[in-house]
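No value in this document is a laboratory result; all are computed from the given coordinates. Predicted model only: the values in this text are computed from it and were never measured. With ideal geometry, Cβ positions are generated from the backbone for all residues, glycine too; neighbour counts draw on all protein chains shown.
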Amino acid sequence: MSHCSGAINFKRGGGRAASPRSPEHERLYCELDRLWNRGRELLGCEIAIMGGAMTWVSERNLVAAISNAGGFGVIASGSMSPELLSLEIGATRAMTTRPFGVNLITLHPQLLELIDVCTDHRVGHVVLAGGLPTSAAVGRIKQGGARVLCFAPALGFARKLVRMGVDAIVIEGNEAGGHIGPVSTGVLAQEILPHLASVPVFVAGGIGRGEAMLAYLEMGAAGVQLGTRFVCAHESIAHPRFKQAFIRAAARDAVASVQLDPRFPVIPVRALHNPAADCFAAMQRRVVDRFARGELSQKAAQLEVEHFWAGALRRAVIDGDIEAGSLMAGQSVGFVTREQSTVEIIEELVGQALGVLAARCERTSDQAPRSVADLSRRQDAPG
C-alpha cells in the first residue's frame, strides 16, 4: 500500500475538498502517506487512525463506520462471553468489508476461548489490553493467523512484548479516558519512539486534532489511536445525554479518580466529574472510617471500594444516567464540540495535518532563492 491514499479528498485545515487534487495537494498526501505507511501496511487500511476500544461505545455501528471511512475500527469486547463476541464480529462484518480488529482484555477468564472466536471469524488483528499478556495468548493469536497489537506502559515492557512476538505496540498516555497509567503521552512518545524501530508503534491519549497526530508521526509513530473524539459520532450508539455531556465538557473536566487511602488502592480512571465521583470519594471516607473502627476487614473494605463503579459505565453510555454513571472521557473531550459523522471527524483530522504540511511548504518556498542569481545576491549581501 505504498501509493498515495485516495479514499477521501481533504481540504487543508479539515473538510472534504470539492475539486480534484492539484499536484501540490498530491504531494502533501504522499508525504502524509509516507509518514504513516507502516501503520497503513500493518492495519491494511488507507488512514492509520485506529478507533480506541471503548466498552459499550465501540460496537458494530461505530467500528464499521470508522473502517468504512478509511480508518481502522476496533471492537471493545470488554466482559463479553465468547458467544456474544462471535455475534458482534459477525454483525460488524455485515456492515463493512474493510479490515477491523478486536480488543481483548488479558485478565478475561475466557481469554483463550475469545481468541479462538477471533480465529474462527478470521479476524486479522487482535489488540491485547489490560496487562502484560502471556506468551501462550500471543502464540495462540499468531497461530490463528492474526496480527497482535499490545499496549506497553514503558520501554522495557515494549521490548519484552516484541521479544514475545507481537506485531505492533500501542503506547497510551494518561490524558486518555478510562483506565490510565501515570505517564503523559508526550513523555511516553519520547521514551519509546526513538528506541523502538523494530515494530510499528501507535500513539494514543489526548490526541484530538490533526496537528498533534502529525507531530507524533514525525517523531516516528506508525499511526495513532483515538477514542474520545469518536464518542459523539452520529454512528455512535451512546445515549444523547452522554454525548451532550461530552459536547459541554472542557479538557479540565476529565479528571482522574481520587484515592483517599493507600491501604485501599484505586485503579485510576479518567472521566468527566459528576455527582457519582463525589459519592465515590464520600464512600471511600466511610469505608476507611469503618475499617478504623474494626467494623470491616481490609479485604471487605477493598471489595466495597472496587464494587462502587460496577455497571456504572453502562448506566451512563446506554441508559443516559450522567449523574450516577461513569462518564469515562479523555482530556481531548475539549475538542468535541458537536455531533459529526465519522467520515467528517476523520476528514477534519487528516485535513488539519495536511494544513501543517502545506504551511511548511509555503514557508520553505518563500525562504528559498528563486534563481542562481538570487542565491548569489543573498550570499553577497552585507552580513
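Each part gets one Cα centre, and for the stretch 184-235 versus the stretch 71-95 those centres are 24 Å apart. Beta bridges per DSSP, both residues in the chain: antiparallel share near 20 percent. Per-residue 3J(HN,Hα) values for the stretch 336-344, derived from phi via the Karplus relation 6.51 cos²θ - 1.76 cosθ + 1.60 with θ = phi - 60°, read 8, 10, 6, 6, 9, 6, 4, 4, 5 Hz in sequence order (x marks Gly and Pro). Annotation: amide H of Gly44 has no partner in the under-5 Å range at sequence separation 5 or more or interchain, hydrogens built in the peptide plane. Computing FRET efficiency as 1/(1 + (r/R0)^6) for Val183 and Glu362, where r is the C-beta to C-beta distance and R0 is 45 Å, gives about 0.80.
With a cut-off of 13 Å between beta carbons, the residues surrounding Pro153 carry a summed charge of 0, where Lys and Arg count +1 and Asp and Glu -1.
Compactness check for the chain: Cα Rg over 2.2 N^0.38 Å is 1.08. Calculate, in whole percent, how much of the Cα-Cα pair population of the stretch 250-328 lies beyond 15 Å. The proportion of pairs with Cα distances above 15 Å equals 56 percent. Scalar couplings 3J(HN,Hα) for the stretch 215-222, obtained by applying the Karplus form with A = 6.51, B = -1.76, C = 1.60 to θ = phi - 60°, are 4, 5, 4, 6, 7, x, 5, 8 Hz; x denotes Gly and Pro. Between Glu41 and Leu112, residue separation times 0.36 nm minus the direct Cα-Cα distance comes to 22.9 nm.
With r defined as the distance between the Cβ atoms of Leu132 and Ser198 and R0 fixed at 30 Å, what FRET efficiency is calculated, to the nearest 0.05?
Numbers: r = 18 Å, r/R0 = 0.61.
Here the calculated transfer efficiency is 0.95.
Does the stretch 120-253 come out rounded, prolate or oblate, given a ≥ b ≥ c as the square roots of the eigenvalues of its C-alpha gyration tensor, rounded meaning a/c under 1.5 and, failing that, prolate meaning a/b above b/c? In terms of gyration-tensor shape, oblate. Amide H contacts of Arg147 (H built 1.01 Å from N, in plane; Pro and chain starts excluded): His125, Val126 sit under 5 Å, all sequence-distant by 5 or more or on other chains. From helices alone, the chain scores -13000 deg cm²/dmol at 222 nm; the rule is -39500 (n - 2.57) for each run of n ≥ 4 DSSP H residues, then divide by the residue total.
Cα centroids of the stretch 44-63 and the stretch 252-267: 28 Å apart. Here the Karplus curve 6.51 cos²θ - 1.76 cosθ + 1.60, taken at θ = phi - 60°, turns the phi angles of the stretch 72-84 into couplings of 9, x, 9, 6, 8, 6, x, 9, 4, 7, x, 5, 5 Hz, with x standing for Gly and Pro. Considering only trypsin sites (Lys or Arg not before Pro) in DSSP loops that have at most 11 other Cβ atoms within 10 Å, the longest stretch of the chain without any of them is 123-262. Comparing Leu272, Ser297, Ala310 along the charge dipole axis of the stretch 250-328, the residue lying farthest to the positive side is Ser297, per the Cβ-charge model.
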